[in-house]
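A.B. asks: Input: one structure, supplied below.
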Amino acid sequence: MTIQTIKTAPFSDQKPGTSGLRKRVGVYQQPNYVENYIQAIFDSLEGFEGKTLVIGGDGRFYNDVAIQTAIKIASANGFGKVLVGQNGLLSTPAASHIIRHYKAFGGLVLSASHNPGGPDGDFGIKYNVSNGGPAPEKITDAVFARSKVIDSYKIVDAADVALDRIGLQRSGNMVVEVVDPVADYAALMQTLFDFPAIEAMFASGFRMTFDAMHAVTGPYAHAIFEGMLGAPKGTVLNGTPSPDFGQGHPDPNLVYCKEMYDLLMSANGPDFGAASDGDGDRNLIIGKNRFVTPSDSLALLAANAHLAPGYKQGIAGIARSMPTSAAADRVAEKLGIEMHETPTGWKFFGNLLDAGRVTICGEESAGTGSNHVREKDGLWAVLLWLNILAVRKQSVDEIVREHWATYGRNYYTRHDYEEVDAEVAGKLVDDLRAKLPSLPGKVFEDDLQIAYADDFTYHDPVDGSTSAKQGIRIGFTDGSRIVLRLSGTGTVGATLRLYLERYEAPDGRHDLETQAALEPLIALADELAGITQRTGRQAPSVIT
Ligand code: G16
């Protein structure tokens, strides 16, 4: 075995986004692209000599190639051990758990999450730190700076690791342990939730359908729902991970899970439907005749978490990303606990969770999680819902309605304009930002009066760091909000995200159709930002 130092030239586009570096597979397939990026990550870290690195991915196309490369570069750089999921699989929350459980130095998560896979799809690499969470901006900024000047990388001249063989192997001087991707994670879930109560619910005829979308949660869902909890075989659909996700789009939303939605809205549909994305950190929750928005789901889970054994002492606080609706804020207020508003990106929850300031976090982009790991966790959310249903013995619809009757309803929608010309999108945001100081006090149709208008700046209360330009917020005196920002996870052009929210008090009308309820705000957002006129789009690409 020899350690080789290979000369390379930097790439200019290795800037990590909201969640790691996501690019088209073709970009990643360029010679030295993966090598440069992984070396740039290691060059930005200190003190990992002899320590353990966790590596896992969502099974998408190019995972196998990138994992072998990552192992050889880790070995050449002096890591003592790599823990890798069998066949290269680890869901993002499972990777986070394994980093924490085995006190690893950090981990590489190979995924482009909910983006399509396959040779023409997307690929991604994200570095997570020792608390199990995505690297903070301090590190991702350093990685980008390093990637722009890197001129060599180190790699061992060793054979590939047999990723299908559980147990110990070597890559150069480094030990590689191939581990069961499911076992540790499933054991953690058992400590948090009342498995016997959920099992009894399934035994009494409760019906659920879970769509693993040909992605990483398949093996976890088969083992936990059908294996440990006794749900009938066939409860888990599309449960075998495939490199191109069965040619599908592994994004658990109402567009890509339309069939499940229709089933849940039908007379003979099951009681509960759920899905997770490519790497298993997002969730979709649909009860019989009731879709639960991610923002509502966060509020409901926080309000009911004490019903699960892992949270029976109550929760310390809640955090949500800025564009997520304020439904959870009302729960925090009632519980008398801390509430935090952070920028989009799970990495911003890490400090609050580590400091014990919050227990449950969530985002409008279908992510919820808790302090059990430092990533959002799709199956965790499904299990908490099941635990709540098993204890309350009510339907999802009844639970949601009762929640609104107690806290009021935050009507909420997100409109995405995908693959917009990046320059047009950038100018739209800049022009709107320039207008913000003139907006407060202005009154528009339907008595909509602007209370504040700003570009969100986050001050981390734990480490004092500041993150500016995190999205435009226009708030109204009645609690309504328009939020607009550019996505940090797209790979082609720009994705413009428009988030709209309107509050209806506990005794108000809770049965309106969401888009109709938000129509005045949708029209006003277009008037203020000029979306139709500037992008030429007559309608959003995706409405969630
Ligand atoms: C990632 C981040 C989330 C974020 C989402 C959307 O999720 O982890 O925190 O909310 O992207 O981000 P954006 O609006 O910038 O596209 P995932 O599931 O893709 O890893």
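The values are calculated or read from the model by the stated rules, or taken from the named source; none is laboratory data. Owing to the predicted nature of the structure, the values given are computational and were not obtained by experimental measurement. Cβ: placed from backbone, ideal geometry, glycine included. Neighbour counts: every protein chain shown.
A.B. asks: Among the numbered conditions (1) more than 28 Å from the chain's Cα centre (by Cα); (2) part of a strand (DSSP E or B), tell me where Gly124 comes up short.
C.D. replies: The failed condition is (1).
A.B. asks: Moving on. Is it true that Tyr153 is under 23 Å from the mean Cα position of the chain (by Cα) and of a type outside the set (D, E, K, R)?
C.D. replies: Against the criterion (under 23 Å from the mean Cα position of the chain (by Cα) and of a type outside the set (D, E, K, R)), Tyr153 does not qualify.
A.B. asks: Provide a single number: the residues in segment 336-353 that are touching a helix residue (DSSP H, G or I) at 6+ places or on another chain (Cβ under 8 Å) and either of a type outside the set (D, E, K, R) or not assigned by TED's automatic domain parsing to the domain that holds Val373 (or both).
C.D. replies: Residues meeting the conditions: 3.
A.B. asks: Can you tell me which residue within segment 189-209, out of those that are buried (at least 20 other Cβ atoms within 10 Å of the Cβ) and of a type outside the set (Phe, Trp, Tyr), is farthest from Gly80 (Cα to Cα)?
C.D. replies: Per the stated criteria, the residue is Met201.
A.B. asks: Every residue in segment 460-474 that is of a type in the set (Gly, Ala, Ser), touching a residue at least 40 places away in the same chain (Cβ under 8 Å) and surrounded by fewer than 18 Cβ atoms within 10 Å (Cβ to Cβ), please.
C.D. replies: Once the filter is applied, which keeps residues that are of a type in the set (Gly, Ala, Ser), touching a residue at least 40 places away in the same chain (Cβ under 8 Å) and surrounded by fewer than 18 Cβ atoms within 10 Å (Cβ to Cβ), segment 460-474 yields Ser465, Ser467.
A.B. asks: Find the residue count for segment 97-134, including only residues that are at pLDDT 95 or above, polar (S, T, N, Q) and within 14 Å of the ligand (Cβ to nearest atom).
C.D. replies: 2
A.B. asks: Right, another one. What single numbered condition from (1) surrounded by fewer than 22 Cβ atoms within 10 Å (Cβ to Cβ); (2) modelled with pLDDT of 95 or more; (3) under 20 Å from the mean Cα position of the chain (by Cα); (4) not β-branched (Val, Ile, Thr) fails to hold for Ala212?
C.D. replies: Condition (1) is where Ala212 drops out.
A.B. asks: Let me ask another. State yes or no: is Ser75 touching a Ser or Thr at 6+ places or on another chain (Cβ under 7 Å), among the polar types (S, T, N, Q), at pLDDT 95 or above and away from the ligand (no atom under 14 Å from the Cβ)?
C.D. replies: Answer is yes for this residue.
A.B. asks: Out of the residues in segment 348-361 that are surrounded by fewer than 24 Cβ atoms within 10 Å (Cβ to Cβ) and of a type in the set (A, V, I, L, M), state the one that is nearest to the ligand (Cβ to nearest atom).
C.D. replies: This residue is Leu352.
A.B. asks: Then there is this: Mind checking which residues of segment 475-513 are free of Cβ contacts under 8 Å to residues at least 60 places away in the same chain and under 17 Å from Gly530 (Cβ atoms)?
C.D. replies: Ile482, Leu484
A.B. asks: Within 14 Å of the ligand (Cβ to nearest atom), surrounded by fewer than 21 Cβ atoms within 10 Å (Cβ to Cβ) and closer than 29 Å to Ser467 by Cβ: is that true of Glu364 in this structure?
C.D. replies: no
A.B. asks: Within the group Asp511, Asp526, which residue is under 20 Å from Lys442 (Cβ atoms), outside the structural domain of Pro343 (by TED's automatic domain parsing) and surrounded by fewer than 17 Cβ atoms within 10 Å (Cβ to Cβ)?
C.D. replies: Being under 20 Å from Lys442 (Cβ atoms), outside the structural domain of Pro343 (by TED's automatic domain parsing) and surrounded by fewer than 17 Cβ atoms within 10 Å (Cβ to Cβ) holds for just one of Asp511, Asp526, which is Asp526.
A.B. asks: Next up: Is it true that some residue in segment 137-146 is closer than 30 Å to Val255 by Cα, within 16 Å of the ligand (Cβ to nearest atom), touching a residue at least 24 places away in the same chain (Cβ under 8 Å) and among the hydroxyl-bearing types (Ser, Thr, Tyr)?
C.D. replies: For segment 137-146, residues closer than 30 Å to Val255 by Cα, within 16 Å of the ligand (Cβ to nearest atom), touching a residue at least 24 places away in the same chain (Cβ under 8 Å) and among the hydroxyl-bearing types (Ser, Thr, Tyr): absent.
A.B. asks: Just to confirm my filter: which strands (runs of 3 or more DSSP E) fall fully inside segment 416-531 and include at least 2 residues that are within 16 Å of the ligand (Cβ to nearest atom)?
C.D. replies: 472-476, 481-486, 494-504
A.B. asks: Within the set of pairs 6 or more residues apart or between chains, which connect a residue that is aromatic (Phe, Trp, Tyr) inside segment 4-27 to a residue that is modelled with pLDDT of 95 or more and more than 16 Å from the ligand (Cβ to nearest atom) with Cβ atoms less than 7 Å apart?
C.D. replies: Phe11/Tyr33; Phe11/Asn36; Phe11/Ser147
A.B. asks: Anything in segment 265-285 that is closer than 26 Å to Pro241 by Cα and either among the aromatic types (Phe, Trp, Tyr) or without any contact (Cβ under 8 Å) to a residue 40 or more places away in the chain (or both)? List them, or say none.
C.D. replies: Gly269, Phe272, listed by residue number.
A.B. asks: Further question on the same structure: Considering segment 106-139 alone, what residues qualify as being touching a helix residue (DSSP H, G or I) at 6+ places or on another chain (Cβ under 8 Å) and of a type in the set (S, T, N, Q)?
C.D. replies: Those that are touching a helix residue (DSSP H, G or I) at 6+ places or on another chain (Cβ under 8 Å) and of a type in the set (S, T, N, Q): Ser111, Ser113, Asn128, Ser130, Asn131.
A.B. asks: Identify the single condition in (1) small (Gly, Ala, Ser); (2) out of contact with any Ser or Thr (no Cβ under 6 Å at 6 or more places or on another chain); (3) within 16 Å of the ligand (Cβ to nearest atom) that Gly345 does not satisfy, given that it satisfies every other one.
C.D. replies: Against the list (1) small (Gly, Ala, Ser); (2) out of contact with any Ser or Thr (no Cβ under 6 Å at 6 or more places or on another chain); (3) within 16 Å of the ligand (Cβ to nearest atom), Gly345 comes up short only on (2).
A.B. asks: Return yes or no: is Gln538 outside any loop (DSSP other than H, G, I, E, B) and over 30 Å from Lys15 (Cβ atoms)?
C.D. replies: no
A.B. asks: Exactly one of these conditions fails for Thr406: (1) within 16 Å of the ligand (Cβ to nearest atom); (2) surrounded by fewer than 18 Cβ atoms within 10 Å (Cβ to Cβ); (3) among the hydroxyl-bearing types (Ser, Thr, Tyr). Give me its number.
C.D. replies: (1)
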